[in-house]
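Reviewing the structure listed below.
The values are calculated or read from the model by the stated rules, or taken from the named source; none is laboratory data. Remember, it's a predicted structure, so these values are computed and weren't measured experimentally. A quick note on method: Cβ atoms are made from the backbone with ideal geometry, for glycine too, and the neighbour counts reach across all protein chains shown. Accessible surface areas use protein heavy atoms only, side chains included; no ligands, DNA or RNA. Shrake-Rupley method; radii C 1.70, N 1.55, O 1.52, S 1.80 Å.
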Amino acid sequence: MLIGLLCLVSACSDDDAGEQYLKTNSITVVKSNVSFSAAAGEGQVVVTAPGAITATLADSSWAKATVDGSTVNVSVKANASEDARNTMLTIRNGEDSVQVNVLQIGNIYQTTIPDYIAFGSNKKDSVYYVIDHSQPVTIVSTPSWAEATLNGDTLKVKVSEKAASDPMRIGDIVLENAGVKNSYKVVQYDLASDIEGSYTLSGTDADGNAISYDVTYENNALKLKDYNITLPITFDSSEMSFTTTVNNSYIGKADLKGASRLYYLELVDAEGTTYKVYTDNAIAAPLNLSASPLTASFAGDLKSKAFTAFRFTAYRIKNNIDRWHMKDYDVVINNPVLTKK
């Protein structure tokens, strides 16, 4: 009889424990609207609860939650990042709670605008670019001689006519999106008067002594006046940069000490390795537009090593067939820099 009574008490105790685990949550989410675009916005979570509720966010740096009766108002700042982000909203009533995920997608800002909006003429002109954006884009500033207008996803940039005697025009167009300012360099130049012309090609020789050569740049070629040699160099207006790609290129013949020397352009890396055949990447010299006079320093990588020098390698021809390397007539220019005259 006692044993049966003990069993009955034990069973009742087990039933009570089960009821605790089966207890229903007193908070019910009725409505939730907290998935946001990248723009700043507001949403709500509406619940039913037997008493007053509180609300907290795991990350409150970009989202804010306030309680108004049975409604939790959630506001988010604009998301300037391309990455989506989320935080957990916890709503409590007494010992009960529910969690709702607050999600905001990443910003879209993609454009065809190049590093330099370059106009290679003194004449008035205009260009168009596409800006794919999920948040409004505004024009913050433009140079006095340029005009920028936005029509939907299309940016129009227009420049006025420049007098032939005026120097190259350089300015910035600044656009703002999601609180982030993006600056684009706009340049108006005349190729013949502003880019082509006389330069000094300077650097150091193989012994570390300062050297310089008078050169001219025209028709995608850099000509050394002291030698009858020409470097194949192009000008890229979208990068406002001189560029050369070398494949053991023949660059000219110079008559020295009564004999003709054939010169080939080679590249040298930081370890002194000479690259006679080189097609991996271009060696570029971006114009320093803030310098007066203009300068351009050649730089780049030779495979995995940094470019350091041009080598004009001299050969003498014997019997119109054999080439003899005339090392004493090689010209080495370490860390070459162009300076406009």
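In table form, for the structure just shown:
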read-out: Residue match in the range 239-255 (condition: under 19 Å from Ala296 (Cβ atoms), open to solvent by less than 50 Å² (accessible area, probe 1.4 Å), at pLDDT below 85 and under 32 Å from the mean Cα position of the chain (by Cα)); value: yes
read-out: Residue match in the range 180-199 (condition: of a type in the set (Lys, Arg) and within 23 Å of Phe235 (Cβ to Cβ)); value: yes
read-out: Criterion: outside any loop (DSSP other than H, G, I, E, B), under 25 Å from the mean Cα position of the chain (by Cα) and touching a residue at least 24 places away in the same chain (Cβ under 8 Å) - qualifying residue of Thr308, Thr339, Thr313; value: Thr308
read-out: So Val102, is it part of a strand (DSSP E or B), over 17 Å from Val29 (Cβ atoms) and touching a Ser or Thr at 6+ places or on another chain (Cβ under 7 Å); value: no
read-out: Residue in the range 85-124 that is most open to solvent (accessible area, probe 1.4 Å), counting only those that are within 20 Å of Ala65 (Cα to Cα) and small (Gly, Ala, Ser); value: Gly94
read-out: Among residues of the range 68-84, those that are in a loop (DSSP other than H, G, I, E, B) and open to solvent by less than 80 Å² (accessible area, probe 1.4 Å), counted; value: 7
read-out: Residue count, the range 208-238 (criterion: of a type outside the set (D, E, K, R), open to solvent by 70 Å² or more (accessible area, probe 1.4 Å) and either assigned to a strand (DSSP E or B) or closer than 28 Å to Pro114 by Cβ (or both)); value: 4
read-out: Some residue of the range 199-207 being among the polar types (S, T, N, Q), in contact (Cβ under 8 Å) with a residue 12 or more places away in the chain, open to solvent by 40 Å² or more (accessible area, probe 1.4 Å) and outside any loop (DSSP other than H, G, I, E, B); value: yes
read-out: In the range 61-107, the residues that are basic (Lys, Arg), farther than 13 Å from Ala40 by Cβ and within 25 Å of the chain's Cα centre (by Cα); value: Arg85
read-out: Count of the range 302-341 residues which are open to solvent by 80 Å² or more (accessible area, probe 1.4 Å) and acidic (Asp, Glu); value: 1
read-out: Subset tally (residues that are assigned to a strand (DSSP E or B), open to solvent by less than 60 Å² (accessible area, probe 1.4 Å) and either at pLDDT below 95 or farther than 20 Å from Ser97 by Cβ (or both)) for the range 31-67; value: 2
read-out: Selected residue (only one of Asp280, Asp330, Asp269 is modelled with pLDDT under 90 and more than 22 Å from Ser241 (Cβ to Cβ)); value: Asp330
read-out: Residue selected from the range 151-179 under the condition more than 26 Å from Phe235 (Cα to Cα) and open to solvent by 60 Å² or more (accessible area, probe 1.4 Å), by the criterion farthest from the chain's Cα centre (by Cα); value: Asn151
read-out: Selected residue (only one of Lys77, Lys64 is more than 25 Å from Val174 (Cβ to Cβ), of a type outside the set (A, V, I, L, M) and without any contact (Cβ under 8 Å) to a residue 40 or more places away in the chain); value: Lys64
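Let's see how each residue does on (1) in contact (Cβ under 8 Å) with a residue 12 or more places away in the chain; (2) touching a helix residue (DSSP H, G or I) at 6+ places or on another chain (Cβ under 9 Å); (3) farther than 30 Å from Gly51 by Cα:
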position: Thr90; (1), (2), (3): yes, no, no
position: Val102; (1), (2), (3): yes, no, no
position: Phe119; (1), (2), (3): yes, no, yes
position: Asp132; (1), (2), (3): yes, no, yes
position: Pro136; (1), (2), (3): yes, no, yes
position: Thr149; (1), (2), (3): no, no, yes
position: Glu161; (1), (2), (3): yes, no, yes
position: Met168; (1), (2), (3): yes, yes, yes
position: Val174; (1), (2), (3): yes, no, yes
